[in-house]
Amino acid sequence: MSNLSPFRYQYGEAIRLAMLRSISIIVVLCTLTLSSGQLMAREEEQGQSELDKIVLQLKWKHAFQFAGYYMAKEKGYYREMGVEVEILESGPGIDPVQEVVLGRANFGVGDSSVVIERAEGYPVVVLGVVFQHSAIVLLALRHTQTQSVHDLSGKNLMLVPNSHELRAYLQKSGLGPAHYQVQAMSFDINDLVKGNTDAFSAYITEQPYALEQRGIAYVAFSPRSAGIDFYGDNLFTSESELRNHRQRAESFRDASMRGWSYAMANIEETVELILSTYSSERDQESLRFEANQMIPLLQPELVEMGYMLDGRWRHIAETYAEIGILSPDFSLDGLVYKEKLSSPRDLSWLYRLIAAVLVALLLITYVALRFYRLSRTLASDIAARKQAELEKVELEAQLLHSQKIQAIGTLAGGMAHDMNNVLAVILGLGSVLEEDLEPGTTQYEDIRDIMSAAERGQSMVANLLGFARKGKFQLSTWNPNDGVQQIVSMLGKTLAKTIVIKTSLKAKQYLHCDSNQIVSALMNLCVNAAHAIGDKGEITIESHDKTIAADETNHPTLQPGCYLSLIVRDNGKGMSEQTRKRVFDPFFTTKDIGEGTGLGLSMVYGVVESHNGSVSIESELGAGTTVTLLLPAVAAPSADDVDRLASQVSSQTGLNE
């Protein structure tokens, strides 16, 4: 594989040089384009030599409730859009809608009642929503654990003017105006504590803090419990502001929502700013409490700042119509800011940037395609060379094993002939002596032992001759499925009853072979399988038709053509890879001394090779063993030959130990 290294190095260097050239071109194009865009941006900024003065009117006194506007000013977001913003707090008697409509403020912070103001003729337009859920609640002192809003029937309620959301909540809960008495709002939570009122209009983000600090138990009744889910604080402006300064209104909205995102992500910094710049009446802990209470109302992690939905505004309008505050056919047209309206600008720098990016993408795509094609070619070449080398190594290993087996077979064949001659003399003389002795005598039994040993020696010689492929084969056309059935019948009488023998005989073709030798080989495999299984297990014998193509790589020693596959499979203890490589070597055995000769599988190998077939074995420790015999197949005989073949099958015998 080392001869691939120079080519791989040169190829890698070429790819790296091509990528560096492409990246350099991309960097130059993007730099030139961005520089021109920045230059035009500076020219636009220089044209705004003086900052516009605008006013934002809050709906109440300085608090974390307005933190986003403070941070937009503090971080310079408003100055970036070319304006200087004055933030005015509110109080009793100051209406943000009036301030904006009369032109004393450019923008205002309002709530869902802007729907009513719009219906009354005020030309207000909502730019964006900050509070996705309203913070308004009714606070009451807790007297029982089962206390509900219905307990306020006949009680005194301290409500702020235009408490439309709370009135809708009470009416939807079955408490119309005749069921309670409205008191003028004092804006002092002590009136609730002292019992001057039974319920107090409040913000869930602020007034509960004072009660909790004093350890006073309270209950908060929220309109959301009755399905009234109004928007809370929103940013609005007038139609005239949009008509005369659309770009400024749009930029103010974006800068404000950017400030809100920063404020909610940096609560401690925002609290310090409010204390140092805007409010001396609040303390640090109360502002932290307010900020944490606002998180589920704003949902900054889930909803984009400023987001609003027409369906929610329609729900608000319908709720007002249900309590008779708004006409059912009121149109929301013009209330909600729909789209950004901006004056035409020179966007040629943007077009140049897009063009540069497209050119860069084309270059990158071209280089990537070239790289991909070269990579595919290189990968294909490397894979082909690896496969060729693997096949070469495998063929060399098979050739070496075949040569080793052939050498051992030649030696074994010569030894077998000499041993056969010696055994013939022993058996001949033993027969003569056996005839001269009386059965039952000591000498007679000794002669019988000598004869039995010689007969076992003859069986070993037959195995050696089979392995050496020097035995005499009697070839005939034979149906292996019939032979397997005969083997199963014989094994059923000899093997333990706890070993189950199964068959799957799907072969349609026949074999032209020495059927006795093939049966003996299969019997050897089944006996070995039974030994590997031990006390209890399963042996499966299968037959299949198989075709080996000319480009077949799994069986390089076989010629293309039709073959019949005979498989013996067991679920025994299996064997290691080292053992698997030696199982066909003569005299190699894993059995105990006296239990086997080590010639059984060698005989199988020799028989199959003599029939121009191949034998393979697959095994893993603990996963059983599968032995596959592949033998050249022939077509099934005609009906005239069936009787002759049946008589051949009935004469088949042989079990080599």
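The values are calculated or read from the model by the stated rules, or taken from the named source; none is laboratory data. This one's a predicted model, so the numbers in the text were calculated from it and none came from an experiment. Glycine also receives a Cβ, built like all others from the backbone with ideal geometry; neighbour counts cover every protein chain displayed. Accessible surface is based on the protein model in full, side chains and every heavy atom, while ligands, DNA and RNA are left aside. Shrake-Rupley method; radii C 1.70, N 1.55, O 1.52, S 1.80 Å.
What the table shows:
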item: Cα-based Kirkwood hydrodynamic radius, segment 254-339, one decimal, Å; result: 15.8 Å
item: Rg ratio (alpha-carbon, reference 2.2 N^0.38 Å) - segment 260-308; result: 1.20
item: Amide H contacts of TYR180 (H built 1.01 Å from N, under 5 Å, at least 5 apart or other chain); result: GLY154
item: Derived scalar couplings ³J(HN,Hα) [segment 59-75; Karplus, 6.51 cos²θ - 1.76 cosθ + 1.60; whole Hz; x for Gly, Pro]; result: 9, 7, 5, 4, 6, 5, 4, 10, 4, x, 6, 4, 6, 4, 6, 5, 7
item: Linear extension gain, GLU50 paired with THR146, 0.36 nm per residue minus alpha-carbon span; result: 28.4 nm
item: Radius 14 Å from Cβ of LEU152, net charge of other residues (Lys, Arg +1; Asp, Glu -1); result: +2
item: For segment 603-615, 3J(HN,Hα) per residue [Karplus equation, 6.51 cos²θ - 1.76 cosθ + 1.60, θ = phi - 60°, Hz, x = Gly/Pro]; result: 4, 4, 4, x, 5, 5, 4, 5, 8, 6, x, 9, 10
item: Amide hydrogen neighbours beyond the local backbone of THR503, cut-off 5 Å, H modeled; result: ILE541
item: Segment 557-575 residues near the modelled GLU618 label - backbone nitrogen below 16 Å, point 7 Å along Cα→Cβ; result: 565-572, 574-575
item: Reachable aspartates and glutamates, given that their alpha-carbon falls under 20 Å from the alpha-carbon of LYS392 and they are not under 8 places away in the same chain; result: ASP381, ASP551, GLU552
item: Using alpha carbons only: equivalent-ellipsoid semi-axes of segment 140-285, gyration tensor based, whole Å; result: 34, 23, 14
item: Carbon + sulfur, % of accessible area of segment 216-372 - ligands and nucleic acids excluded, 1.4 Å; result: 56 percent
item: 28 Å Cα-Cα threshold exceeded, pairs from LYS508/LYS536; LYS506/LYS581; LYS61/LYS172; LYS53/LYS75; LYS493/LYS573; LYS61/LYS338; result: LYS508/LYS536; LYS506/LYS581; LYS61/LYS172; LYS61/LYS338
item: Distance histogram in 10 Å bins (all Cα pairs of segment 246-288, percent per bin); result: 26, 39, 27, 8
item: Distance from segment 244-287 to segment 176-197 (C-alpha centre basis), Å; result: 32 Å
item: Interchain or long-range residues, amide H under 5 Å from GLY306's placed H; result: VAL129
item: Table column - 3J(HN,Hα) (Hz), segment 213-225, Karplus curve with 6.51, -1.76, 1.60, x for Gly and Pro; result: 4, 9, x, 8, 6, 9, 10, 10, 9, 9, x, 5, 5
item: Förster radius 35 Å - calculated FRET efficiency between GLU391 and LYS502, Cβ distance, rounded to 0.05; result: 0.45
item: Directionally averaged projected area (convex hull, Cα atoms, segment 219-284), nm²; result: 7.7 nm²
